[in-house]
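Colleague: Here it is: the structure, laid out below.
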Amino acid sequence: MSEAVVHWVSQKPFDPERLAGEHTSVSSAYARASQRRLFWWRLRRHRLAVLSLVFLVLAYLVAAAAEFVAPTGVATRDTRHIFMPPQALHLFHEGRFLGPFVYAREGSLDMETLQRRYREDRTRPLPLRFFCRGEPYRFWSLVEGERHLYCAPDGGTAFLLGSDRLGRDMLSRLVHGARISLTIGLVGVTLTMALGLLFGGLAGYLGGWADFWLGRATEILRSLPHLPIWLALSAALPVTLDPLLVYFLITAILAFLEWPGLARAVRSKLLSLREEDFVAAAEMMGAGPARIISRHLLPNFMSHIVVSAALAIPTMILAETALSFLGLGLRAPITSWGVLLTEAQNIEAVVLYPWLLLPMAPVMATVLAFSFLGDGLRDALDPLSD
């Protein structure tokens, strides 16, 4: 007896109109979609870019709410617990769920090596407090507050990332330092884009003598070695300057040396676009150079500007970190990731207190996130990527 034949093809009659409708339904969805929706569909294909975007959004939210997120102030000291190693966070004690807690620690000084040693008391679990009243602060120096995301247990400590030589909480200082290190990239790139679009736009659209002299100026600035210039300009800042003024001057120095690259890219794009028919039509209708550049030319290569900005931000962050690490950038009482790394400039920190090197972790994560996001934006803004 022969076995039944199983057909793996559709038994429905061939209907070309139905198949054409299924095909065109997807195409019509793309045809009706706005540019923003198309951009989001392309960006979602780049998983690393989406994850990087989520990470950066969370990082900037934490930096914006640093006073609330950090359990202590940036300069709060606990001299009884200097150089304390990171305390591990636990959930279960002797098989019983207690929620997030740390074990109590007792410290002592080794008189032979002069090293701080801490012994963990596994019989004393100390639960953390959440949304608690703690050290008072002024949110963005405007609003009084005392609520924190979490606080140390009553009668205990919660140095989740350890403490430094003055007994300051490393996690709190990292959170407060994120506000400076992350915003210096945004402010610096904003200045860079303003200078690059201004001079690059004038050189590319006007041409002639403007293109010649602006081109020579950008070439001279690009030929200068950046690191010695950074060091020289930063060292020229008086030590007595207000720390906030030092912040803006360091940002201006970084932007001053980064704008020529963007200006050359803008110039080359404008040289090719200014010969297009829509530019000639705008000129015949009486539009001035400023309107033609801002309303017609710049939007046509805004994708390149967005990607350049995303890739320039990590450069700014790394430059500030390097200058502050060398003692020529930001200085106390301002706290940034580069300033925190100055605590790890000797072999003692590397060998005995390696948690002082933890500020490198957010720097690396932020730089990688911006790099992945820049790659994703480049693919999403490319009309040929579909």
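The values are calculated or read from the model by the stated rules, or taken from the named source; none is laboratory data. What you are looking at is a predicted structure, and each value in this text was computed from that prediction instead of being measured. Counting neighbours? That spans all protein chains shown, and the Cβs are built from the backbone with ideal geometry, glycine included. Keep in mind that these areas ignore ligands, DNA and RNA; they rest on the heavy atoms of the full protein, side chains included. Shrake-Rupley method; radii C 1.70, N 1.55, O 1.52, S 1.80 Å.
Colleague: Compute the acute angle (0 to 90°) between the alpha-carbon long axis of helix 170-206 and the principal axis of greatest extent of the alpha-carbon atoms of the chain; round to the nearest 10°.
Modeller: So the inclination is approximately 30 degrees.
Colleague: Also, quick follow-up: For segment 44-203, what is the Kirkwood hydrodynamic radius in Å, using each pair of distinct C-alpha atoms?
Modeller: Averaging 1/r across every pair of different Cα atoms and inverting gives 18.5 Å.
Colleague: Between residue 198 and residue 242, what is the label-to-label distance in nm when each label sits 7 Å out along the Cα-to-Cβ direction?
Modeller: Result for the modelled spin labels: 2.3 nm.
Colleague: What distance in nm separates the two pseudo spin-label positions at residue 89 and residue 75, each 7 Å out from Cα along the beta-carbon direction?
Modeller: Inter-label distance under the simple model: 2.9 nm.
Colleague: Angle between the Cα long axis of helix 226-235 and the longest principal axis of the chain, 0 to 90 degrees, nearest 10?
Modeller: 50
Colleague: Using a 10 angstrom cutoff on alpha carbons, build the Gaussian network for the chain and name the most mobile of 268, 308, 172.
Modeller: It is 268.
Colleague: With the cut-off at 1.5 for a/c, could you classify segment 185-229 from its C-alpha gyration tensor as rounded, prolate or oblate?
Modeller: Here segment 185-229 falls in the oblate category.
Colleague: Order 348, 258 by their accessible area, 1.4 angstrom probe, all chains in place, largest first.
Modeller: 348, 258
Colleague: What is the Cα centroid distance between segment 308-333 and segment 78-144, reported in whole angstrom?
Modeller: Cα centroid of segment 308-333 versus Cα centroid of segment 78-144: 31 Å apart.
Colleague: In terms of solvent-accessible area of protein heavy atoms at a 1.4 angstrom probe, what is the ranking of 315, 240, highest value first? If you can, show how the numbers build up before the last one.
Modeller: Numbers: 315 55, 240 130 Å².
Accessible-area ranking of 315, 240, largest first: 240, 315.
Colleague: Where does each of 97-108, 245-256 land if you order them by average Cβ count within 10 Å, highest first?
Modeller: Values: 97-108: 14.5, 245-256: 19.1.
Descending mean neighbour count gives 245-256, 97-108.
Colleague: Under the Karplus relation 6.51 cos²θ - 1.76 cosθ + 1.60, θ = phi - 60°, what is the ordered set of whole-Hz ³J(HN,Hα) values for segment 298-303, x standing for Gly and Pro?
Modeller: 4, x, 6, 9, 5, 4
Colleague: Right, another one. Listed highest first by mean packing, meaning other Cβ atoms within 10 Å per residue, what order do 189-198, 116-125 come in?
Modeller: Peptide ranking by packing, descending: 189-198, 116-125.
Colleague: Compute the FRET efficiency between residue 118 and residue 65 as 1/(1 + (r/R0)^6), taking r as their Cβ-Cβ distance and R0 = 25 Å, and round to the nearest 0.05.
Modeller: 0.25
Colleague: Additional query: Give the long-range amide H neighbours of residue 75: residues separated by 5 or more places, or on another chain, with amide H under 5 Å away, using H modelled in the peptide plane at 1.01 Å from N.
Modeller: none
Colleague: Could you work out the mean projected area of the convex hull around the alpha carbons of the chain, in square nanometres to one decimal?
Modeller: Over all viewing directions, the chain projects a mean Cα-hull area of 35.8 nm².
Colleague: What does the charge dipole of the chain about its Cα centre add up to, to the nearest 20 debye, if the Cβ of each Lys and Arg holds +1 and the Cβ of each Asp and Glu holds -1? Please report the intermediate quantities before stating the final value.
Modeller: Details: 36 positive and 33 negative charges, 78 e Å.
So the magnitude is around 380 debye.
Colleague: Using the per-residue mean of other Cβ atoms lying within 10 Å as a proxy for protection, in what order, highest first, do the peptides 78-85, 280-287 fall?
Modeller: 78-85, 280-287
Colleague: Once fully extended, how much extra length lies between residue 216 and residue 347, figured as 0.36 nm per residue of separation less the alpha-carbon to alpha-carbon distance?
Modeller: Stretched out fully, the residue 216 to residue 347 stretch lengthens by 42.6 nm.
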